[in-house]
Ligand SMILES: [Zn+2]
Ligand SMILES: [Zn+2]
């Protein structure tokens, strides 16, 4: 298993749509990764007359990856900042995390 520890920081506000504080933006910061070790099910791909071996985690969907390649996200700490009442509607376009 590859463990990824993340800190989550939420921006909360109140607005006309919901007077209760609620998150409008969530940012994740990777604070640590613990490598799961070498791939146990490497995949050989052929490109022209060359072959290459890649980790299954780079090729297969999550549920077909070997145990070493699977990624577990651990939410280590959740903090939030309350930015107060905002009169505008939610931002609809995601702010890149
Ligand atoms: Zn809102
Ligand atoms: Zn693998």
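None of the figures in this text is laboratory data; all of them are computed from the coordinates on show. Here the structure is a predicted model, which is why all the values come from computation and not from measurement. Because the Cβ atoms are built from the backbone with ideal geometry, glycine has one as well, and the counts that use them run over all protein chains shown.
Summarising the label geometry, the points placed 7 Å from Cα in the beta-carbon direction at residue 7 and residue 79 lie 0.5 nm from one another.
Beta-bridge orientation, the chain: approximately 60 percent antiparallel, per DSSP, counting only bridges with both partners inside.
Kirkwood Rh, region 1-96, all Cα pairs: how many Å?
Evaluated over region 1-96, this radius sits at 16.5 Å.
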